[in-house]
1. What is segment 1-85's relative contact order, in percent, from Cα pairs under 8 angstrom and six or more apart in sequence?
2. Under 28 Å between alpha carbons, and skipping anything fewer than 8 positions from Lys40 in its own chain: which lysines qualify?
3. Just report the Cα centroid separation between segment 182-218 and segment 233-281, whole Å.
4. If one puts a single equal scatterer on every Cα of the chain and applies the Debye formula without solvent, what log₁₀ I(q)/I(0) results at q = 0.09, 0.12, 0.15 Å⁻¹?
5. Expressed as a rounded percentage, what relative contact order does the chain have, with Cα pairs under 8 Å and six or more residues apart?
6. Which percent of the accessible heavy-atom area of segment 154-206 goes to carbon and sulfur, probe 1.4 angstrom?
7. Expressed as a fraction of 2.2 N^0.38 Å, the rule-of-thumb size for a compact globular protein of N residues, what is the C-alpha radius of gyration of segment 182-281?
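The values are calculated or read from the model by the stated rules, or taken from the named source; none is laboratory data. Please read these numbers as outputs of a predicted model, since none were measured by experiment. In case anyone asks, the SASA skips ligands and DNA or RNA and just uses the protein heavy atoms, side chains included. Shrake-Rupley method; radii C 1.70, N 1.55, O 1.52, S 1.80 Å.
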Amino acid sequence: MEERDPGPVVQRLIYGVRAREYREAANLEPGPTCEKLNIKRAALSKCEAGLVADSETATERKIVLYGILGPEAEEFRRLGKEARRRAAPERVSDHARQYVALERAATELRMIYPEVPGALQSAAYARTQLGHSPIVRQNDLTSWAEVREKRGDLLAEEMVSATGKPRRVSAILGEEALYRLVGGPAVMRAQFQRLLMFADLPHFSLRVLPFSAGSTPALSSPFTLLWIEPANVNLAYVESMGGADYIKTTNPYVVAFDDAQRRALSEIDSRALLESRANEV
(Lines give C-alpha, C1' and ligand atoms only; values in the text may rest on other atoms or scores of the structure.)
Protein backbone atom coordinates (compact mmCIF):
# COMPACT_ATOMS: atom_id res chain seq x y z
CA MET A 1 0.00 0.00 0.00
CA GLU A 2 1.30 3.43 -0.85
CA GLU A 3 0.43 7.04 -0.21
CA ARG A 4 -0.51 8.94 -3.35
CA ASP A 5 -0.15 12.58 -4.36
CA PRO A 6 -3.68 13.95 -3.82
CA GLY A 7 -3.25 16.16 -6.88
CA PRO A 8 -4.25 19.78 -7.54
CA VAL A 9 -8.02 19.14 -7.50
CA VAL A 10 -7.89 17.93 -3.90
CA GLN A 11 -5.33 20.59 -2.96
CA ARG A 12 -7.79 23.23 -4.17
CA LEU A 13 -10.37 21.77 -1.79
CA ILE A 14 -7.91 21.82 1.10
CA TYR A 15 -6.79 25.37 0.26
CA GLY A 16 -10.42 26.53 0.08
CA VAL A 17 -11.25 25.02 3.47
CA ARG A 18 -8.20 26.66 5.04
CA ALA A 19 -8.97 30.02 3.41
CA ARG A 20 -12.51 29.99 4.82
CA GLU A 21 -11.26 28.96 8.27
CA TYR A 22 -8.69 31.78 8.33
CA ARG A 23 -11.29 34.31 7.16
CA GLU A 24 -13.76 33.24 9.84
CA ALA A 25 -11.01 33.25 12.49
CA ALA A 26 -10.33 36.88 11.51
CA ASN A 27 -14.08 37.63 12.02
CA LEU A 28 -14.48 38.74 8.42
CA GLU A 29 -17.77 38.28 6.60
CA PRO A 30 -17.71 37.56 2.84
CA GLY A 31 -18.93 41.05 1.85
CA PRO A 32 -16.26 43.11 3.64
CA THR A 33 -13.62 40.55 2.68
CA CYS A 34 -14.40 40.99 -1.01
CA GLU A 35 -14.25 44.75 -0.66
CA LYS A 36 -10.85 44.65 1.06
CA LEU A 37 -9.46 42.15 -1.48
CA ASN A 38 -11.11 43.98 -4.41
CA ILE A 39 -12.68 40.79 -5.74
CA LYS A 40 -16.21 39.70 -6.60
CA ARG A 41 -18.29 37.61 -4.20
CA ALA A 42 -18.40 34.76 -6.73
CA ALA A 43 -14.60 34.60 -6.84
CA LEU A 44 -14.39 34.24 -3.05
CA SER A 45 -17.12 31.59 -3.03
CA LYS A 46 -15.51 29.54 -5.79
CA CYS A 47 -12.12 29.65 -4.07
CA GLU A 48 -13.50 28.61 -0.68
CA ALA A 49 -15.50 25.82 -2.36
CA GLY A 50 -12.31 24.50 -3.93
CA LEU A 51 -13.46 25.12 -7.49
CA VAL A 52 -10.68 27.52 -8.50
CA ALA A 53 -7.14 28.25 -7.32
CA ASP A 54 -5.94 31.61 -6.06
CA SER A 55 -3.11 33.37 -7.83
CA GLU A 56 0.10 33.84 -5.87
CA THR A 57 -0.81 37.52 -5.39
CA ALA A 58 -4.28 36.64 -4.08
CA THR A 59 -2.75 34.19 -1.60
CA GLU A 60 -0.38 36.85 -0.28
CA ARG A 61 -3.22 39.37 0.09
CA LYS A 62 -5.23 36.88 2.14
CA ILE A 63 -2.23 36.11 4.34
CA VAL A 64 -1.96 39.80 5.19
CA LEU A 65 -5.72 40.42 5.55
CA TYR A 66 -6.39 37.33 7.65
CA GLY A 67 -3.30 37.82 9.81
CA ILE A 68 -1.78 34.41 9.03
CA LEU A 69 1.65 34.19 10.61
CA GLY A 70 4.77 32.02 10.74
CA PRO A 71 4.57 28.34 9.77
CA GLU A 72 0.84 28.62 9.04
CA ALA A 73 1.54 31.29 6.43
CA GLU A 74 4.21 29.12 4.82
CA GLU A 75 1.86 26.13 4.75
CA PHE A 76 -0.88 28.28 3.20
CA ARG A 77 1.56 29.41 0.51
CA ARG A 78 2.53 25.79 -0.17
CA LEU A 79 -1.12 24.78 -0.49
CA GLY A 80 -1.73 27.67 -2.87
CA LYS A 81 1.19 26.58 -5.04
CA GLU A 82 0.00 22.96 -5.10
CA ALA A 83 -3.54 24.09 -5.95
CA ARG A 84 -2.24 26.02 -8.97
CA ARG A 85 -0.63 22.95 -10.52
CA ARG A 86 -2.08 21.80 -13.82
CA ALA A 87 -3.98 18.55 -13.44
CA ALA A 88 -2.99 15.68 -15.72
CA PRO A 89 -5.39 15.23 -18.64
CA GLU A 90 -8.11 12.62 -18.14
CA ARG A 91 -9.77 10.61 -20.93
CA VAL A 92 -13.26 11.33 -19.65
CA SER A 93 -16.01 13.83 -20.37
CA ASP A 94 -15.32 17.42 -19.36
CA HIS A 95 -17.74 17.36 -16.41
CA ALA A 96 -16.20 14.13 -15.05
CA ARG A 97 -12.59 15.30 -14.87
CA GLN A 98 -12.82 16.75 -11.39
CA TYR A 99 -14.74 13.73 -10.15
CA VAL A 100 -12.11 11.25 -11.36
CA ALA A 101 -9.43 13.13 -9.40
CA LEU A 102 -11.63 13.19 -6.27
CA GLU A 103 -12.47 9.50 -6.64
CA ARG A 104 -8.77 8.69 -6.81
CA ALA A 105 -8.04 10.64 -3.62
CA ALA A 106 -11.13 9.69 -1.60
CA THR A 107 -10.67 7.92 1.72
CA GLU A 108 -14.19 6.54 1.54
CA LEU A 109 -16.67 6.08 -1.30
CA ARG A 110 -20.30 4.98 -1.03
CA MET A 111 -22.16 4.52 -4.29
CA ILE A 112 -25.59 3.29 -5.30
CA TYR A 113 -26.66 2.78 -8.91
CA PRO A 114 -29.31 0.92 -10.92
CA GLU A 115 -26.55 -0.17 -13.31
CA VAL A 116 -22.90 -1.10 -12.95
CA PRO A 117 -21.17 2.22 -12.13
CA GLY A 118 -18.31 3.33 -14.36
CA ALA A 119 -15.51 2.64 -11.89
CA LEU A 120 -16.61 -0.99 -11.49
CA GLN A 121 -16.96 -1.74 -15.20
CA SER A 122 -14.72 -3.93 -17.29
CA ALA A 123 -13.32 -2.29 -20.41
CA ALA A 124 -15.55 -4.43 -22.64
CA TYR A 125 -18.70 -3.59 -20.69
CA ALA A 126 -17.75 0.11 -20.61
CA ARG A 127 -17.07 0.19 -24.34
CA THR A 128 -20.51 -1.21 -25.08
CA GLN A 129 -22.23 1.21 -22.73
CA LEU A 130 -20.28 4.25 -23.94
CA GLY A 131 -21.03 3.23 -27.53
CA HIS A 132 -24.66 4.27 -26.99
CA SER A 133 -23.78 7.66 -25.49
CA PRO A 134 -24.63 10.71 -27.62
CA ILE A 135 -21.72 12.66 -26.12
CA VAL A 136 -18.88 10.16 -26.68
CA ARG A 137 -17.08 10.14 -30.03
CA GLN A 138 -16.39 6.78 -31.66
CA ASN A 139 -12.66 7.55 -31.69
CA ASP A 140 -12.72 7.90 -27.89
CA LEU A 141 -14.59 4.68 -27.07
CA THR A 142 -11.62 2.39 -26.50
CA SER A 143 -9.50 4.85 -24.50
CA TRP A 144 -12.42 5.99 -22.32
CA ALA A 145 -13.42 2.38 -21.64
CA GLU A 146 -9.86 1.51 -20.64
CA VAL A 147 -9.81 4.46 -18.24
CA ARG A 148 -12.94 3.13 -16.50
CA GLU A 149 -11.27 -0.25 -15.97
CA LYS A 150 -8.10 1.43 -14.66
CA ARG A 151 -10.20 3.49 -12.24
CA GLY A 152 -11.56 0.25 -10.84
CA ASP A 153 -8.07 -1.20 -10.60
CA LEU A 154 -7.11 1.77 -8.42
CA LEU A 155 -10.19 1.30 -6.23
CA ALA A 156 -9.16 -2.33 -5.82
CA GLU A 157 -5.98 -1.15 -4.12
CA GLU A 158 -6.32 -0.60 -0.39
CA MET A 159 -4.69 2.79 -0.75
CA VAL A 160 -3.38 4.52 2.34
CA SER A 161 -4.53 8.13 2.52
CA ALA A 162 -2.41 11.09 3.52
CA THR A 163 -3.67 10.54 7.08
CA GLY A 164 -2.56 6.92 7.11
CA LYS A 165 -6.03 5.38 6.88
CA PRO A 166 -6.97 2.78 4.24
CA ARG A 167 -9.62 3.44 1.65
CA ARG A 168 -13.12 2.00 2.14
CA VAL A 169 -15.54 1.39 -0.74
CA SER A 170 -19.21 0.47 -0.39
CA ALA A 171 -21.30 -0.18 -3.49
CA ILE A 172 -25.00 -1.02 -3.75
CA LEU A 173 -26.36 -2.20 -7.09
CA GLY A 174 -30.03 -2.38 -7.94
CA GLU A 175 -30.86 -5.96 -8.93
CA GLU A 176 -31.81 -4.67 -12.38
CA ALA A 177 -28.09 -4.11 -13.06
CA LEU A 178 -27.63 -7.88 -13.05
CA TYR A 179 -30.30 -8.53 -15.66
CA ARG A 180 -29.75 -5.79 -18.23
CA LEU A 181 -27.73 -7.41 -21.02
CA VAL A 182 -24.82 -5.18 -22.00
CA GLY A 183 -22.54 -6.44 -24.75
CA GLY A 184 -23.75 -10.03 -24.85
CA PRO A 185 -23.25 -13.10 -22.59
CA ALA A 186 -19.45 -13.17 -22.72
CA VAL A 187 -19.17 -9.50 -21.75
CA MET A 188 -21.68 -10.00 -18.95
CA ARG A 189 -19.89 -13.07 -17.57
CA ALA A 190 -16.62 -11.15 -17.49
CA GLN A 191 -18.38 -8.22 -15.81
CA PHE A 192 -19.85 -10.51 -13.15
CA GLN A 193 -16.38 -11.94 -12.49
CA ARG A 194 -15.03 -8.41 -12.07
CA LEU A 195 -17.78 -7.59 -9.56
CA LEU A 196 -17.00 -10.82 -7.68
CA MET A 197 -13.34 -9.77 -7.57
CA PHE A 198 -14.35 -6.50 -5.91
CA ALA A 199 -16.66 -8.38 -3.51
CA ASP A 200 -13.72 -10.47 -2.27
CA LEU A 201 -11.57 -7.47 -1.32
CA PRO A 202 -11.27 -6.76 2.43
CA HIS A 203 -11.83 -3.00 2.04
CA PHE A 204 -14.77 -3.41 -0.34
CA SER A 205 -18.46 -4.00 0.39
CA LEU A 206 -20.65 -4.98 -2.57
CA ARG A 207 -24.36 -5.54 -2.00
CA VAL A 208 -27.44 -5.93 -4.17
CA LEU A 209 -30.76 -4.20 -3.49
CA PRO A 210 -33.29 -6.83 -4.62
CA PHE A 211 -36.49 -6.20 -6.53
CA SER A 212 -38.37 -7.41 -3.45
CA ALA A 213 -37.08 -4.43 -1.45
CA GLY A 214 -39.31 -2.09 -3.43
CA SER A 215 -38.46 1.41 -4.56
CA THR A 216 -35.88 3.76 -3.12
CA PRO A 217 -35.02 7.41 -3.88
CA ALA A 218 -31.37 6.42 -4.16
CA LEU A 219 -31.96 4.38 -7.32
CA SER A 220 -34.17 7.08 -8.84
CA SER A 221 -31.36 9.59 -8.43
CA PRO A 222 -28.12 7.56 -8.21
CA PHE A 223 -25.06 9.11 -6.59
CA THR A 224 -21.66 8.61 -5.03
CA LEU A 225 -20.74 9.90 -1.58
CA LEU A 226 -17.09 10.84 -1.22
CA TRP A 227 -15.19 11.51 1.99
CA ILE A 228 -12.01 13.49 1.13
CA GLU A 229 -10.26 13.24 4.47
CA PRO A 230 -7.20 15.43 3.70
CA ALA A 231 -9.61 18.27 2.89
CA ASN A 232 -12.13 17.33 5.62
CA VAL A 233 -14.85 17.47 2.95
CA ASN A 234 -17.91 15.31 2.30
CA LEU A 235 -19.44 15.49 -1.17
CA ALA A 236 -22.34 13.89 -2.99
CA TYR A 237 -21.63 13.48 -6.69
CA VAL A 238 -24.72 13.35 -8.88
CA GLU A 239 -24.16 12.97 -12.62
CA SER A 240 -26.50 13.34 -15.56
CA MET A 241 -25.82 12.84 -19.26
CA GLY A 242 -24.78 16.44 -19.79
CA GLY A 243 -23.31 17.54 -16.47
CA ALA A 244 -22.66 16.89 -12.81
CA ASP A 245 -23.30 18.43 -9.40
CA TYR A 246 -21.11 18.35 -6.31
CA ILE A 247 -23.36 18.75 -3.29
CA LYS A 248 -21.92 19.55 0.13
CA THR A 249 -25.24 19.20 1.96
CA THR A 250 -24.95 15.43 1.95
CA ASN A 251 -27.36 14.46 4.74
CA PRO A 252 -30.31 13.51 2.44
CA TYR A 253 -27.98 11.31 0.41
CA VAL A 254 -26.54 9.67 3.51
CA VAL A 255 -30.07 8.93 4.77
CA ALA A 256 -31.07 7.49 1.37
CA PHE A 257 -27.93 5.35 1.17
CA ASP A 258 -28.36 4.04 4.72
CA ASP A 259 -32.01 3.17 4.00
CA ALA A 260 -31.01 1.22 0.87
CA GLN A 261 -28.20 -0.49 2.74
CA ARG A 262 -30.59 -1.70 5.46
CA ARG A 263 -32.83 -3.28 2.82
CA ALA A 264 -30.07 -4.69 0.62
CA LEU A 265 -29.02 -8.32 0.61
CA SER A 266 -26.10 -9.23 2.85
CA GLU A 267 -22.65 -9.35 1.30
CA ILE A 268 -22.79 -13.16 1.35
CA ASP A 269 -26.21 -13.33 -0.30
CA SER A 270 -25.23 -10.65 -2.81
CA ARG A 271 -22.17 -12.67 -3.78
CA ALA A 272 -24.30 -15.79 -4.20
CA LEU A 273 -26.67 -13.89 -6.51
CA LEU A 274 -23.76 -12.59 -8.59
CA GLU A 275 -22.39 -16.13 -8.94
CA SER A 276 -25.82 -17.38 -9.95
CA ARG A 277 -26.18 -14.73 -12.64
CA ALA A 278 -22.65 -15.43 -13.93
CA ASN A 279 -23.63 -19.08 -14.41
CA GLU A 280 -26.95 -18.21 -16.05
CA VAL A 281 -25.79 -15.88 -18.83
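1. So the answer I get is 46 percent.
2. Those lysines meeting the cut-off are Lys62, Lys81, Lys248.
3. Their Cα centres are 10 Å away from one another.
4. Evaluating at q = 0.09, 0.12, 0.15 Å⁻¹ gives log10 I(q)/I(0) of -0.49, -0.80, -1.13.
5. RCO, the chain: 21 percent.
6. Using a 1.4 Å probe with all protein chains present, segment 154-206 comes out at 56 percent carbon and sulfur.
7. 1.24
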